[in-house]
Amino acid sequence: MYGEIVISIAILTGLILLAVLLRGTGLLKEEQGKLFADLVTHVTLPALVFSSLSRAEIHPEYLWLALVMVVAELLSLAMAWLVGRKLQLEHAQMGAFMLASAFGSSSLLGYALISQVFPDNINTITETVIISEVGIAPVFFTVGMMVAIYYGKSDLNMRGRIVAVTGFFKSPLFFALVAGVFWSTLQLPVTGTLITPLFQLLEIVSSANTFLVAITVGVLLHFSSLGTIVWIVLFTCLIKLTLKPLMVWIPALVMDLQIWEVQVLVLEAAMPSALLSVVFAKTYGCDANLASKLIFATLMASAVTIIAMFAVLAS
């Protein structure tokens, strides 16, 4: 298991560093980060959200686990906001810090890791899908995006930022989210003469999501001035990699769960910061450079913290 964790993290790290290298050679340019971010938020991510949600089977017994994850995310956002105020972060920094502290790379890393850790237990994948698509994705794509918009639109007054936040409800992501839930709830077909090619097209488009997100992070990632954000990095790692797993583990103690269900829940909560945080930060005006550094830091630290959290809380 521990080897799979390291390998999965190494693959994502390699993709990010590849983008950094390509930027250094001039093949990629930092200003292209906005283009990559827009492609993710308007094309590949909506395709991934719809195709994932439309096929998900929502088992009632797993909804409680999703709710535990939702509460942990909201508490993490609140803690990050309090810490950010103490650190006197600027608006753009606050948005990046809150996103990196609350949301994890469930679909990018969680699915692959849990399928390797539990290769013979199909129920673990089902639980992972429910936690990710019900407990993480909707909150990230609504509350998370609203956080990015609110703190990214620092040139607007309070009313203007609230109006900008409501723009999410006109975005491709929102329509993909609603359509996916609608499709799954009504159990509409995912195969057929016309439906099969449509879903194959969505799979091709969504398969580019991980690569484009990693490229976006790498294009915007700089290793300079790390000394000036040490405290931000430390608090991000503390909230995301340590406190969040604890927040899902404590209520799990009083729930009637099997050991593997607790293990999946803890692993999902212990994932490093979501790479999509950089995409949201870049798209909506938060500090994308800071977000990329925080994500890279949690990715590196998670090689140790995931193993530690799993050993202490879920063994």
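Brief remarks on what is shown
- Residue in region 272-285 that is hydroxyl-bearing (Ser, Thr, Tyr), under 14 Å from the mean Cα position of the chain (by Cα) and within 22 Å of residue 217 (Cα to Cα) present: yes
- All positions within region 214-233 that are in a helix (DSSP H, G or I) and closer than 20 Å to residue 38 by Cβ: 214, 215, 216, 217, 218, 219, 220
A quick yes/no check of all residues on (1) modelled with pLDDT of 85 or more; (2) in a helix (DSSP H, G or I); (3) of a type in the set (Phe, Trp, Tyr):
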position: 238; (1), (2), (3): yes, yes, no
position: 242; (1), (2), (3): yes, yes, no
position: 250; (1), (2), (3): yes, yes, no
position: 254; (1), (2), (3): yes, no, no
position: 260; (1), (2), (3): no, yes, yes
position: 263; (1), (2), (3): no, yes, no
position: 279; (1), (2), (3): no, yes, no
position: 292; (1), (2), (3): yes, yes, no
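- The listed residue being of a type outside the set (Gly, Ala, Ser) and crowded, with 24+ Cβ neighbours inside 10 Å, out of 261, 268: 268
- Residue count, region 180-213 (criterion: assigned to a loop (DSSP other than H, G, I, E, B) and of a type outside the set (Ser, Thr, Tyr)): 8
Conditions tested, residue by residue: (1) surrounded by fewer than 21 Cβ atoms within 10 Å (Cβ to Cβ); (2) aliphatic (A, V, I, L, M).
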position	(1), (2)
209	no, no
217	no, yes
221	no, yes
231	yes, no
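- Restricting the first member to region 276-303 and to residues that are under 10 Å from residue 148 (Cβ atoms) and touching a residue at least 12 places away in the same chain (Cβ under 8 Å), and the second to residues that are part of a helix (DSSP H, G or I) and of a type in the set (Phe, Trp, Tyr), the beta-carbon pairs closer than 6 Å and six or more apart or on different chains are 286/151.
- Of all residues in region 294-315, those that are among the aliphatic types (A, V, I, L, M) and more than 13 Å from residue 263 (Cβ to Cβ) total 9.
- Where helices (runs of 4 or more DSSP H) sit wholly within region 1-116, those with at least 1 residues that are buried (at least 16 other Cβ atoms within 10 Å of the Cβ) and modelled with pLDDT under 80 occupy 2-25, 33-39, 45-55, 60-86.
- Conditions (1) touching a helix residue (DSSP H, G or I) at 6+ places or on another chain (Cβ under 6 Å); (2) closer than 16 Å to residue 97 by Cβ; (3) modelled with pLDDT under 90; (4) not aliphatic (A, V, I, L, M); number of the one not met by residue 216: (2)
The values are calculated or read from the model by the stated rules, or taken from the named source; none is laboratory data. Remember, predicted model here, so these are calculated numbers, not experimental data. Don't worry about glycine lacking a Cβ; one is built from the backbone with ideal geometry, like all the others, and counts go over all protein chains shown.
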